[in-house]
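Data block below; observations after.
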Amino acid sequence: MFAEKEVAAPAPSINTDPIFVAIEMSRSKWVVGTHIPTSSKVGIHTVEWGDAAALLALVERLRSRAADVVGIAAVPVLCCYEAGYEGFWLYRRLAAAGLRVLVIDPSSLLVNRRAKRAKTDRIDAKAMIRALMAYNRGEDQVLSAVIVPSVEQEDHRRLVRERQSLVYDCTAHTNRIRGLLLTQGIVGFDPRASGAERQLDELVTGDGRSLGPRLKDEMRREIGRLRVVLEQLKDVSAERDAIALGKTIETPHRDQGLADADAAMIASLARIKGVGPK
């Protein structure tokens with residue numbers, strides 16, 4: 001008879017739940033909600049706006065506290081913050097430090113609609129912590145994470161977004177000029193036309209007067225600002241159209257256009273009827 005082989009008892013399971021960190025951002029400070037595996041409460045901390053070093057120091061302190069109980073040297077960390085004006089620089093800073101980070105679509109977070117909802121940074125930070133914990137359990141419907149572009153991809157998007165901003169500014173200047181003339185009973189003036197500044201001397205108000213000197217000075221300055229925007233819009237549109245046509249134009253601050261694969265894809269799509277350069 002063979003002696004029975006001794007089987008080692010399974011090692012006790014170790015709680016590997018991550019440390020959850022939710023950052024609620026405002027213009028003056030960050031309110032940071034935290035939850036560690038060794039606690040049943042959500043902690044609230046305050047960090048000065050933009051102080052990523054202090055945020056990382058806070059995470060390391062939480063790791064040390066959790067490691068003493070859990071028995072893991074490097075407890076995993078799951079961070080999140082809402083997409084907004086801050087962009088993705090914090091995502092890249094935290095990811096470079098080895099943390100897992102989610103940038104959340106703010107409209108995807110579920111809220112209680114039964115009663116009037118109080119809204120403070122502390123409450124929002126705790127709500128994000130609860131959503132993050134549910135997401136980690138596999139409940140994907142509690143939030144949606146946006147796809148974070150690479151630095152190069154984000155920079156490539158600036159061309160179209162700058163053009164959108166210039167179009168908005170152009171419309172705003174045009175509407176302001178036309179609005180000023182409308183108060184004087186004048187319609188049909190085109191501030192984009194060549195020689196628009198000279199035409200101001202020929203305009204007659206609805207009650208038969210010439211435009212006042214201060215109003216004309218204001219409108220000349222407004223037309224001057226419109227000219228600058230139109231010139232910039234022309235340059236940006238030319239660069240965009242060149243990419244759509246499969247060409248490359250050089251600018252003083254850029255050695256190269258879009259990556260070859262992206263530029264080729266844009267040029268290919270632009271050949272489809274109904275698909276424009278934008």
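The values are calculated or read from the model by the stated rules, or taken from the named source; none is laboratory data. Note that the coordinates shown come from a computational prediction; the quantities given were computed from them, not determined experimentally. Backbone-built Cβ (ideal geometry, glycine too); neighbour counts: all protein chains shown. Ligands, DNA and RNA are excluded from the accessible area calculation, which covers all protein heavy atoms including side chains. Shrake-Rupley method; radii C 1.70, N 1.55, O 1.52, S 1.80 Å.
Couple of notes before you dig in:
- Residue within segment 47-60 that is open to solvent by less than 60 Å² (accessible area, probe 1.4 Å), assigned to a loop (DSSP other than H, G, I, E, B) and β-branched (Val, Ile, Thr) present: no
- Segment 158-204: number of residues that are of a type in the set (Asp, Glu), part of a helix (DSSP H, G or I) and either without any contact (Cβ under 8 Å) to a residue 60 or more places away in the chain or over 22 Å from VAL236 (Cβ atoms) (or both): 3
- Yes/no for GLU86 being charged (D, E, K, R) and not in a helix (DSSP H, G or I): yes
- Condition check for VAL148: surrounded by fewer than 15 Cβ atoms within 10 Å (Cβ to Cβ), part of a loop (DSSP other than H, G, I, E, B) and among the β-branched types (Val, Ile, Thr): no
- Pair list, Cβ under 6 Å, 6 or more apart: segment 89-102 residue of a type outside the set (A, V, I, L, M), other residue open to solvent by 20 Å² or more (accessible area, probe 1.4 Å): TYR91/VAL148
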